[in-house]
Amino acid sequence: MNEKNPAENKRRTILHMDMDAFYAAVEVLDNPSLAGKPLIIGALPTERGVVSTCSYEARKFGVHSGMSIKDAYRLCPQGIYMHGHYHRYHEISDQVHEILLSYTDQIEFVALDEGYLDITGSLMLFGGAEKIGHEIKDRVLQTTGLTCSVGIGYNKMTAKLGSEEKKPDGFFVIPSPEFFVTYFENRPVRIIPGIGGKSAAHLHENGIDTIHDLLEWKEDALVRLVGQTGHDLYLAARGIASDRVQPASEYEQKSYGKEVTYQSDMLEKEEMLSTLKLLSRSVSLGLMKRGLFASTITLKIKYNNLKLHTRSVTLPDAVQDSGAIYRAVSALLDKAPLERPVRLLGVSTSSFQNEPLHQITLEESDKAARVEKLNHTLMGLYDRYGKNIVRTAGELESLQILEDHNKL
Ligand code: TTP
Ligand code: MG
């Protein structure tokens with residue numbers, strides 16, 4: 001044990017999950033004829049822009065994220081170039097986040113397709129880190145049809161290195177600093193998070209190219225060479241980092257909501273109620289991700305003359321579940337004048353707490369447990385079915401059936 005570093009004394013288990021070629025994989029999912037082709041998402045060759053991502057087939061030509069489309073076209077003129085469908089990426093990201101949240105709320109979502117989970121407290125409940133990792137991969141594939149890579153480590157650095165190691169569809173465990181050193185010592189220093197091109201060049205000038213080279217330096221000599229970050233570098237070369245998984249904090253925002261604009265103006269109240277149900281569900285998921293409970297619920301209606309109607313209700317207890325949010329907004333819709341066709345509906349939440357204020361009685365707790373169980377069943381169905389923020393009446397109706405199931 002390292003006396004100087006408290007993080008080392010309290011071993012944690014961190015899992016990093018990252019979807020493979022995310023935007024490109026979603027495009028292939030929605031249009032299977034693109035499978036196996038070099039696909040570049042971002043802009044068309046005739047436009048200015050950068051590569052958001054590309055399929056692994058395109059990566060063989062040297063194309064990568066952040067590169068200008070012009071350069072990508074030079075490397076890969078036979079590629080298929082397209083704009084992204086961001087609505088779909090968000091939709092699938094929601095499904096993946098929902099799966100991750102069923103293992104712990106200690107999650108730092110880094111991007112739409114990536115997150116760090118501190119699963120230290122979940123190991124006993126779910127049967128160990130590797131079981132959780134494989135289960136996440138299986139459920140992500142079953143639910144979305146897409147592969148992801150999972151890394152398991154004892155800090156964020158090793159978890160991330162693990163998920164990158166066997167990409168795509170990878171799974172890799174870095175169980176200890178000893179393993180880290182043995183396995184990675186011949187890799188370039190660039191694998192350490194925070195070492196960019198400039199730092200790597202500076203280290204190279206001083207004869208440091210690999211982790212092994214770094215290990216030969218004394219801590220104070222490294223500090224003299226690169227300043228205070230020398231301390232971190234000294235530890236990182238030994239697989240040690242005091243990085244922490246930081247779940248989104250409640251202080252980040254004052255309100256959270258979702259809205260949809262109808263393709264054509266809406267007159268049907270039943271359809272509006274269905275939309276509110278889906279929005280409530282999406283908002284509930286967002287609150288779960290942030291570990292928030294809201295006591296103020298707001299309904300927003302925009303009419304086709306762009307006149308805005310918003311009404312709020314403040315509940316006695318802070319809530320997080322979609323049923324409670326839906327009940328509040330549907331009651332607000334009942335009272336709304338609905339004087340003209342509706343163009344947009346929105347549901348938002350505010351007045352956040354970290355937990356429901358209300359003390360639950362034994363009887364209620366039994367009921368709450370049943371509701372929670374049903375909710376999980378429903379989540380499972382959503383996982384399989386997909387959770388579109390829906391456009392068509394048919395889809396709305398199908399989701400309605402799922403929601404009705406929740407009331408049984
Ligand atoms: P990444 O996880 O970095 O890349 P990826 O999922 O496409 O590929 P990999 O298999 O290597 O993980 O980023 C996730 C998505 O974020 C990516 O599909 C597109 C988007 N993105 C950008 O828009 N711009 C960028 O510069 C990067 C790096 C990603
Ligand atoms: Mg990715």
_Given (1) in contact with a helix residue (DSSP H, G or I) (Cβ under 9 Å, 6 or more places away or on another chain); (2) closer than 15 Å to H16 by Cα; (3) touching a residue at least 40 places away in the same chain (Cβ under 8 Å); (4) not basic (K, R), index of the condition A111 fails_ = (3)
*On the given criteria, is F179 closer than 9 Å to G239 by Cβ and either of a type outside the set (S, T, Y) or assigned to a helix (DSSP H, G or I) (or both)?*
yes
*Within the stretch 137-169, how many residues turn out to be of a type in the set (V, I, T) and closer than 18 Å to I195 by Cβ?*
1
*asked:* Scan the stretch 191-213 and tell me whether some residue there is out of contact with any Ser or Thr (no Cβ under 8 Å at 6 or more places or on another chain), within 16 Å of ligand 1 (Cβ to nearest atom) and in contact (Cβ under 8 Å) with a residue 12 or more places away in the chain.
replied: yes
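Looking at L235, L279, L203, can you tell me which residue is in contact with a helix residue (DSSP H, G or I) (Cβ under 9 Å, 6 or more places away or on another chain) and under 30 Å from S350 (Cα atoms)?
After ruling out the rest, the residue left standing is L279.
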*Residue count, the stretch 15-67 (criterion: within 13 Å of ligand 1 (Cβ to nearest atom) and not hydroxyl-bearing (S, T, Y))*: 29
*Hey, any hits in the stretch 208-223 for a residue that's out of contact with any Pro (no Cβ under 9 Å at 6 or more places or on another chain) and on the phi > 0 side of the Ramachandran plot?*
no
*What number of residues in the stretch 132-172 are away from ligand 2 (no atom under 15 Å from the Cβ) and small (G, A, S)?*
3
*So, in the stretch 147-166, of the ones that are surrounded by fewer than 18 Cβ atoms within 10 Å (Cβ to Cβ) and either part of a helix (DSSP H, G or I) or not hydroxyl-bearing (S, T, Y) (or both), which residue ends up nearest to ligand 1 (Cβ to nearest atom)?*
E164
*Counting only residues that are among the charged types (D, E, K, R) and outside any helix (DSSP H, G or I), which one in the stretch 250-304 is most open to solvent (accessible area, probe 1.4 Å)?*
K254
*Can you find a residue in the stretch 59-66 that is over 22 Å from the mean Cα position of the chain (by Cα), within 16 Å of ligand 2 (Cβ to nearest atom) and open to solvent by 60 Å² or more (accessible area, probe 1.4 Å)?*
yes
*Where residues in the stretch 36-57 are within 16 Å of ligand 2 (Cβ to nearest atom) and of a type in the set (V, I, T), which of them is surrounded by the most Cβ atoms within 10 Å (Cβ to Cβ)?*
I40
*Any residue at all in the stretch 182-196 that is under 17 Å from the mean Cα position of the chain (by Cα), buried (at least 20 other Cβ atoms within 10 Å of the Cβ) and more than 29 Å from L29 (Cα to Cα)?*
no
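Would you mind stating whether V96 is within 17 Å of the chain's Cα centre (by Cα) and not in a helix (DSSP H, G or I)?
When the stated conditions are applied, V96 does not pass them.
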_Quick check on my filter: what residues within the stretch 38-54 are part of a loop (DSSP other than H, G, I, E, B) and among the aliphatic types (A, V, I, L, M)?_
A43, L44, V51
*Under the condition of being away from ligand 1 (no atom under 16 Å from the Cβ) and among the hydroxyl-bearing types (S, T, Y), which residue from the stretch 112-130 is most open to solvent (accessible area, probe 1.4 Å)?*
T120
*Just one of the numbered conditions (1) away from ligand 2 (no atom under 16 Å from the Cβ); (2) among the hydroxyl-bearing types (S, T, Y); (3) not in a helix (DSSP H, G or I) is not true of Y116; which one?*
(1)
*Taking G133 and the conditions (1) touching a residue at least 40 places away in the same chain (Cβ under 8 Å); (2) touching a strand residue (DSSP E or B) at 6+ places or on another chain (Cβ under 9 Å); (3) within 14 Å of ligand 1 (Cβ to nearest atom); (4) under 23 Å from G162 (Cβ atoms), which numbered condition does it fall short on, given that it satisfies the others?*
(3)
*Check off (1) closer than 30 Å to G286 by Cα; (2) more than 9 Å from ligand 1 (Cβ to nearest atom) for Y73 and give me the number that stays unchecked.*
(1)
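The values are calculated or read from the model by the stated rules, or taken from the named source; none is laboratory data. Treat the numbers as computed from the prediction; the structure is a model and nothing was measured. Glycine also receives a Cβ, built like all others from the backbone with ideal geometry; neighbour counts cover every protein chain displayed. SASA here: full protein model, heavy atoms, side chains in, ligands and nucleic acids out. Shrake-Rupley method; radii C 1.70, N 1.55, O 1.52, S 1.80 Å.
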